[in-house]
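Here's the structure we're looking at; comments come further down.
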Amino acid sequence: MLAASTEIGQGTNTIFSQIAADALGIDPDDVEIAQPDTSVVPDSGPTVASRTCMVVGKLVESAAAGIRHTLVDAGFLTAVFTRAEFQIACRRYVETFGSLRSTSQYTPPPGLVWDDDKYLGDAYGTYGWAVYVAEVSVDTATWETRVDDFVALQEVGKVINPTLATGQIEGGVAQGIGWALYEDVVWREGRMVNSQMTNYIMPTSMDLPGIRVYFEETPYPYGPAGAKGIGELPMDGPAPAIFNAVANATGVNVTRLPLTPERLMDLMDA
């Protein structure tokens, strides 16, 4: 399978294999993902945001379905077939006609208009949604805030790989907690002055709560098997949830992050 989307730890190779295998009726282990060498693979756009699964994954699904239709139309496959029959059909097609290929190019869903020159319109067909709930403890002696429990409910269309999806949410929430309470980037004269682990505070596993992840599936018709994007949500939601919990506990309105003990003390004094 040829696609330019790059595996950077988010599970692209796994979900692409699953999507292609599901469309072809074969095993994911039968799918080999080519390295995204730009001299070989087509332009798939940047590996950013939540477009990889929703946009490129849909192209993978469409191209795989094209392979299947080609074999059926050529008479090498029936509508229902086994993995072994698919392998035989591919070999027979190549022996008869040569290369067996299928390509797919992105077209916006019906009703979407995007002006790439002016950057106006609907850049994405749809978005994921989430609800985050944080339970916190505030120490009124040290002014430290600790997250004791965190619940994340995601609506991301159809979950392609529950294990990877859960891991993405857990990792994103952990980063979001760090952003909300610990990670204070200090700039001075155009440079970051606390760029070392000794003075840039990040949460460790001991600073994080149990993160309970749930999914609500509402399939999106223009995503692979109904999937939408998932990447940004767990970074967007934790800070507001945590600050609302702090407001509930203390009565102060937090409008700046991270909420360090010093900042919380100033807010309470005010």
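The values are calculated or read from the model by the stated rules, or taken from the named source; none is laboratory data. Bear in mind that the values here come from a model prediction, so they are computed numbers and not experimental data. All Cβ positions, glycine included, derive from the backbone under ideal geometry; neighbour counts span all protein chains shown. Accessible surface is based on the protein model in full, side chains and every heavy atom, while ligands, DNA and RNA are left aside. Shrake-Rupley method; radii C 1.70, N 1.55, O 1.52, S 1.80 Å.
Observations, loosely collected:
- With contacts taken as Cα pairs under 8 Å and at least 6 residues apart, the chain reaches a relative contact order of 21 percent.
- Loop-located GluC sites (Glu not before Pro) in the stretch 14-118, at most 16 other Cβ atoms within 10 Å (DSSP): 32
- Entry for Cα extents along the principal axes in Å (calculated from the structure that is shown) out of [x] 61, 38, 37; [y] 53, 42, 31; [z] 81, 40, 39: [z]
- Phi angles across the stretch 36-47 convert, under the Karplus curve 6.51 cos²θ - 1.76 cosθ + 1.60 with θ = phi - 60°, into 3J(HN,Hα) values of x, 6, 5, 7, 10, 8, x, 5, 10, x, x, 8 Hz, Gly and Pro given as x.
- The mean accessible area for residues of the stretch 155-256, using a 1.4 Å probe and ignoring ligands and nucleic acids, is 55 Å² per residue.
- Using the Cβ-Cβ distance between residue 141 and residue 195 with R0 set to 30 Å, the FRET efficiency works out to roughly 0.45.
- Counting protein heavy atoms only, the chain has 53 percent of its accessible area on carbon and sulfur, 1.4 angstrom probe.
- In the chain, the calculated helix contribution to ellipticity at 222 nm averages -10500 deg cm²/dmol per residue, counting -39,500 (n - 2.57) for every DSSP H run with n ≥ 4.
- Estimated inter-spin distance, residue 112 and residue 72, nm [label 7 Å along Cα→Cβ]: 2.6 nm
- Distance between the C-alpha centres of the stretch 1-69 and the stretch 236-250: 38 Å, rounded to the whole angstrom.
- Fluctuation leader among 115, 73, 236 - the chain, Gaussian network, Cα springs under 10 angstrom: 115
- For the stretch 12-107, the solvent-accessible area with a 1.4 angstrom probe is 58 square angstrom per residue.
- Residue separation of residue 35 and residue 14 scaled by 0.36 nm, minus their Cα-Cα distance, works out to 6.2 nm of gained length.
- Hz values of 3J(HN,Hα) by residue in the stretch 220-236 - Karplus curve (6.51, -1.76, 1.60), Gly and Pro given as x: 9, x, 9, x, x, 6, x, 6, 10, x, 9, x, 7, 3, x, 8, 7
- Residue of 31, 48, 156 that the Gaussian network model of the chain assigns the largest fluctuation, springs spanning Cα pairs under 10 Å: 48
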